[in-house]
1. Going through region A:196-210 one residue at a time, which ones are within 18 Å of A:Ser44 (Cα to Cα), over 19 Å from the mean Cα position of the chain (by Cα) and without any contact (Cβ under 8 Å) to a residue 60 or more places away in the chain?
2. Among the residues of region A:361-397, write down those that are touching an Asp or Glu at 6+ places or on another chain (Cβ under 9 Å) and not in a loop (DSSP other than H, G, I, E, B).
3. Looking only at region A:327-360, which residues are at pLDDT 95 or above and more than 23 Å from the chain's Cα centre (by Cα)?
4. Could you say which residue among B:Arg210, B:Arg219 is among the basic types (Lys, Arg), more than 12 Å from chain A (Cβ to nearest Cβ) and surrounded by 24 or more Cβ atoms within 10 Å (Cβ to Cβ)?
5. Answer yes if at least one residue in region B:311-318 is in a loop (DSSP other than H, G, I, E, B), in contact with a helix residue (DSSP H, G or I) (Cβ under 7 Å, 6 or more places away or on another chain), away from chain A (no Cβ under 14 Å) and crowded, with 24+ Cβ neighbours inside 10 Å, and no otherwise.
6. Among all residue pairs at least 6 apart or on different chains, which show Cβ distances below 9 Å where the first residue, located in region A:269-285, is more than 9 Å from every other protein chain (Cβ to nearest Cβ) and under 20 Å from A:Ile209 (Cβ atoms) and the second is part of a loop (DSSP other than H, G, I, E, B) and of a type in the set (Ser, Thr, Tyr)?
7. Assess whether A:Leu166 counts as being surrounded by 24 or more Cβ atoms within 10 Å (Cβ to Cβ) and more than 7 Å from chain B (Cβ to nearest Cβ).
8. Is it the case that B:Tyr259 is modelled with pLDDT under 95 and not in a helix (DSSP H, G or I)?
Amino acid sequence: MTTNHHNDICVTGMGAVTRFGVNIDELWEKLKQPAEEAMPQDYSLAKFKPMPHISDRRMLKAISRVDAVGLSALELAVKDAGLEKGAYDPHKTGVYVGAPAASVYDNEPYLDAQRKAGNDLRMFGKTCMESRPTTLLLGLPNNVLCYGALVTDARGPNDNYTSADLSGLIALMNASKQIKRNRLECAVAGGFACHNDPVNSWMFHRLGISKPHGETPYKNRPFTGDQEGAVLGDGATFMTLEKRAGAEARGRTPLATICGAAMRCDATGPNEVDAHSDGLQRAIKAALEDAQLGTEDIGLIFASGFGLDRVDQLEAQAIRTMFDANKPPVACLSQHLGNLMEAGGLVEVAIAPKLVAEFPESLRPEKDGPLNAFRGAIDPQKPHFMILRTSAWGEYFCLIAKREQNG
Amino acid sequence: MKKRRVVVTGMGAVSPLGTTMAANWNGLIEGRCVAGPIKRFDASEYACQIAYEVEDFKLDTGLILEREKRYLNHAGEFAVTAAAEALQQAGLKNDNQDRKGVTFGVGMGCSDPEFYQNVFIDDNFKHPCLDNHIRHFPNQISSILARMSGAKGGITTVHTACASSGQSLGEAYEQVAYGDLDVVLTGGTDSMVHPYYLAGFGLLGALAKRNEDPRTASRPFDKNRNGFVLGEGACVLVFEEYEHAKARGATILGEVCGYGVTESAYRITDLHPEGRGPIEAMQMAVDDAGIRSEQVGYVNAHGTSTPLNDRIEALAVTKVFPQSTRLSSTKSMTGHMISAAGAIEFAFCLKALEHQVLPPSINLFEQDPEISANLTPSTPTDHAMDYALSNSVGFGGSNTALVAGRIPHDD
């Protein structure tokens, strides 16, 4: 996906909502501290208030709280980019979203009707007519796409992905491709996820993916051999994408450029990982080919750090195999933020430049762990960085970007 | 990068018309309407009591692994069955797995009502019904399809409501056309014949109000239409790069020539009154195909039979295409298959081109005088055409258009 200079696909704005707030600099300060264990509710965004971040407050009545988190991050990105409606042709502006599945909580407005009907589904047909008329719309997984397009007047190519852990990165990749193909001039792309509710946390635990919600604090422990599972983290990250020429015409300095991306899978079916998978290696190779780069060009790797041993082992193996020669430093955010699922692999774009000036121990892989050899210094002359994403479903993603700023 | 040609080498379908692509096409041409009172649950107290349900369907459990059973709801079973048919027809070898992918459209998925009773109302998190709740993860179906096809090039699950499979086909087309992959298993599946969805669509006023006469309830473009009727099912297609297909001697069923996708950015459920969104999507698809609009012989409309959608969509069609382009909606025969609609309707376009036949417009008793589009006759009609186009429009504002072409011959 490398292009000439003026056609570089640049990240010009970023909006992120994490357990540490919405300010990237404050997030960075937290990430520099050792990751501490926290209670399950501390990984959720239950206390986050979307209202200040959503330009049309009426939307809050039409969407779920989870969607409000996603929309907040989208609007924060647009604001950060200084992107006003009309900056680009609406037909050349698009929104690409990685979203979670409809939540069971979206059907809560029906519960009163179901109670009134004494759980008689025949009578529910009558009592349901007293429910909120737009209940069905609450559960649309593409609400953030719809309302995001409304606030940005984005009428061009678009999509909404419910591909679980890879969703946000798929959105970013495909938005970039549409810009490269000149179907779009500008896009807002990202992902969001809020799985820290009793039902989802039970479900992921039942699938053997996450730790159970317990009464004691915990943290995600990637690459430590932890078999219990990942700690789910809630979050949302969106970014604005424009060609360099367009960004410069608007007086914007890019944060990064998107250079290449690829995904692969094991084709083993749901919730299965091939124990001998080379899926991540294949994704890395394909992304490097897409970016027209070699492994020696990569100055930094953000590991996915899923938090489930059978997945982490494969990731560690892939990094060791592919980067044995030059061993770029590895960073990982999942100890602090939890596994962000659909929102994973995105906020790293904002963190990459900061690591040049200071690479805190808190973000490095553990000493004596499987990635011990990847604890070196960042080479400021190697601006390309790689973001990896893994899943418990045997799916793998690799994004390659280049930082435009240092620190 | 120069775009590569994309052809279709396999198709499979499960719908109320039948459980194979052939049965679906035959039912369509016969103008068969199988709508009736809902049998899956007692809907006698609901505002809308009718649907198009898939009947006489039993999953061949040999298609799935034991460990996959827990992940399959109705929609999943439909998808697996349609995928098996498509893959058998395509006859792909299990090589170059990195160059094969899955891009699939899915629906909302919903736990059984007993889940809500036991978990939300009775607060019982240990109830066994929770295990069934696992079935509504949206990407499980795509994951099983990847396992069935040996596709290791990546899995993309798309959800934009009624535009889901239109967008999944469009993305699959682009993945092959631009060289990301050589083969993509694509399509969509859905099954919303469920109390919560019947309630939901009913509350929105979107469902037809002809319980007494289910077989004429879905009447796209008719003056007295008053809503859509839920259907269900799946359609799966194999998209393949043309030279790749020729080299292995694949049977080519048609071509995917162009794709257009837009966002109305208007309202979550309503189309813009001037057709903004669909107009641009259709024009984009025609331009992408490198053809003129008058070369399109037939448009398969989204055509839900709602007063607003049909009028505005027909207006949009007349703004893009001349009167020589015929229009119909096949939802009067399949019901509204929601996330599966775009895929099966594109398949119908391919079949129409293969047989040079226009699908009939059934239940068109009196064309809405506000609709000037040239609708197809009430019986199947021979019609020489090289291209057809399939429209899909979704809640949330996504609009897709896909141009289908006849089986290509070497230049």
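1. Result: A:Pro198, A:Trp202, A:Met203, A:His205.
2. A:Asn372, A:Ala373, A:His384, A:Phe385, A:Ile387, A:Leu388, A:Arg389, A:Thr390, A:Glu395, A:Tyr396, A:Phe397 - these are the residues of region A:361-397 that are touching an Asp or Glu at 6+ places or on another chain (Cβ under 9 Å) and not in a loop (DSSP other than H, G, I, E, B).
3. Within region A:327-360, A:Lys327, A:Glu358 qualify.
4. B:Arg219
5. no
6. A:Val273/A:Ser391; A:Asp274/A:Thr268; A:Ser277/A:Thr268; A:Leu280/A:Ser304
7. Yes; evaluated as a whole, the condition is true for this residue.
8. Criteria not met by B:Tyr259.
The values are calculated or read from the model by the stated rules, or taken from the named source; none is laboratory data. Every value quoted in this text rests on a predicted model; they were computed, and no experiment measured them. Neighbour counts run over all protein chains shown; Cβ positions are idealised from the backbone, glycine included.
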